[in-house]
Amino acid sequence: MTTLFDPVTCGALSLNNRVVMAPLTRNRAPNAIPTPLMATYYAQRATAGLIISEATAITQQGQGYADVPGLYGTEQLDGWKKVTQAVHQAGGKIVVQLWHVGRVSHTSLQANFEAPVAPSAVRANTKTVLIKDGAAGFVETSTPRALTLEEIPGIVRDYAHAARNAIDAGFDGVEIHAANGYLIDQFLKTGSNQRTDDYGGSITNRARFLLEVTRAVVDAIGADRTGIRLSPVTPANDVHDDHPQALFEHVVSHLGPMNLAYIHVIEGSTGGERVLADRPFDYTALKAAYQQAGGHGAWMVNNGYTLELAQQALAESADLVAFGRPFIANPDLVDRLRVGGPFNTVERATLYGGGEHGYTDYPTL
Ligand code: 8OZ
């Protein structure tokens, strides 16, 4: 029987085990530039079979929070090179999560205090983090403006450009962030997409942006280095869809033939406890739709997995299991899972922003 500690090949990535470090926003990259402390943090966690970096802005327009990293400027790439080198030296693999927040931003983070962009001019009823007077503070997101039809190809190209930058910076691949109510998810879902052109209305139209971005990234760096993260039913960042099952089965049936390295699915609501019952969704049918379409990328599951649940998922349906918060508090999570714990608990106050404390000072066994 397959265990979490068995190696697996996932596209071009040979992974030592099936324990994945999920992408985790930590807001410790002032001016969007990765720091040496980030290199230490990721290298500490390099026994993961795969590290997915924290969400990383593909352009300034794609940034929605203070002190999150970018992947478009020379200094940002130089910072990331130190991170990827440190992870590789420690024997790990790391992909970068490509992020455009769309409407989940604030004018103060945008060039010339412009409005953030989105499929439609519908404000997200959610907060973002800005640094005010040296401290992190939550503020309401700004009302976005709707992207023109002519602007969309440029954003698709921004994703492809960032993917090439990722390979230049030494990453083993990329994960397209199509989850959690950010730009791609805003296009997908009825609550945030009121467009009447080729990018809105039908499921085919709402999925068009995701599929164009994915094809562009695949063309830029290869399908075997590309993964994608989906969150069919999360309410994160004020998104919702009227028919998520049909929408996401359509999406994966078009991803199937692309030969991606992996599909990463957040089950239920992002963050907090693992509760699936209040947002019914048939994840087995989702995987079946992917495989029926010829998809044979690794199937990665996430959200509140324990050791027991993870082993069960590997036995039944998944190839990889991504752990988020457990990896924040347990740099040696793989070893701890192997011996059944104990596990450090996360200190919430140091999740977003700060320095070493709550970041690189969690103890190993
Ligand atoms: C927590 C805080 C800020 C951003 C996501 C990138 O939910 C995030 C995020 C999480 O995908």
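The values are calculated or read from the model by the stated rules, or taken from the named source; none is laboratory data. Source: prediction; values computed, not measured. Cβ: placed from backbone, ideal geometry, glycine included. Neighbour counts: every protein chain shown. Just the protein is used for accessible areas: all its heavy atoms, side chains included, with ligands, DNA and RNA removed. Shrake-Rupley method; radii C 1.70, N 1.55, O 1.52, S 1.80 Å.
When the Cα centres of the range 1-57 and the range 290-365 are compared, how far apart do they sit, in Å?
Taking the Cα centre of each part, the range 1-57 and the range 290-365 sit 10 Å apart.
How many nm separate the modelled label positions at residue 273 and residue 2, each set 7 Å beyond the Cα in the direction of the Cβ?
Here the answer is 3.0 nm between the modelled labels.
Going out from 0 in 20 Å bins, what whole percent of all Cα-Cα distances in the chain drops into each bin?
32, 62, 6
What does the C-alpha gyration tensor say about the overall shape of the range 113-232? Classify as rounded when a/c is under 1.5, otherwise prolate if a/b is larger than b/c, or oblate. All intermediate terms of the calculation are to be shown ahead of the outcome.
Working: a/c = 1.90, a/b = 1.15, b/c = 1.65.
In terms of gyration-tensor shape, oblate.
At 1.4 Å probe size, with the rest of the protein present, what percent of the exposed accessible area of the chain is carbon and sulfur atoms?
Summing carbon and sulfur atoms, their accessible area is 50 percent of the total for the chain.
Using θ = phi - 60° and the Karplus curve 6.51 cos²θ - 1.76 cosθ + 1.60, what whole-Hz ³J(HN,Hα) does each residue of the range 350-365 get, with Gly and Pro shown as x?
Calculated HN-Hα couplings, in order: 10, 5, 10, x, x, x, 5, 5, x, 10, 10, 10, 6, x, 8, 4 Hz.
Rounded to the nearest 0.05, what FRET efficiency do residue 113 and residue 202 have when you use their Cβ-Cβ distance and R0 = 41 Å?
0.70
Peptides 274-282, 186-194: what's the order by average Cβ count within 10 Å, highest mean first?
In descending order of packing, they fall as 186-194, 274-282.
Which distance in nm do the two modelled labels at residue 211 and residue 145 give, with both placed 7 Å along the Cα-to-Cβ direction?
That separation, rounded to one decimal, is 3.0 nm.
Compute the length gained on full extension between residue 306 and residue 138: take 0.36 nm times their separation in residues and subtract their Cα-Cα distance, giving the result in nm to one decimal.
That works out to 57.4 nm of additional length.
In the chain, what % of DSSP beta bridges are antiparallel (nearest 5)?
Within the chain, antiparallel bridges account for around 20 percent of the total.
Below 8 Å between Cα atoms, with a sequence gap of 6+, how large is the relative contact order for the chain in percent? Walk me through the numbers on the way to the answer.
Values: 858 pairs, mean separation 62.6, N = 365.
Computed over the chain, the figure is 17 percent.
Can you pull the one-decimal nm distance between simple spin-label points at residue 345 and residue 317, each 7 Å off the Cα toward Cβ?
Once both label points are built, they end up 3.0 nm from each other.
Under 18 Å between alpha carbons, and skipping anything fewer than 8 positions from residue 287 in its own chain: which lysines qualify?
Partners found: none.
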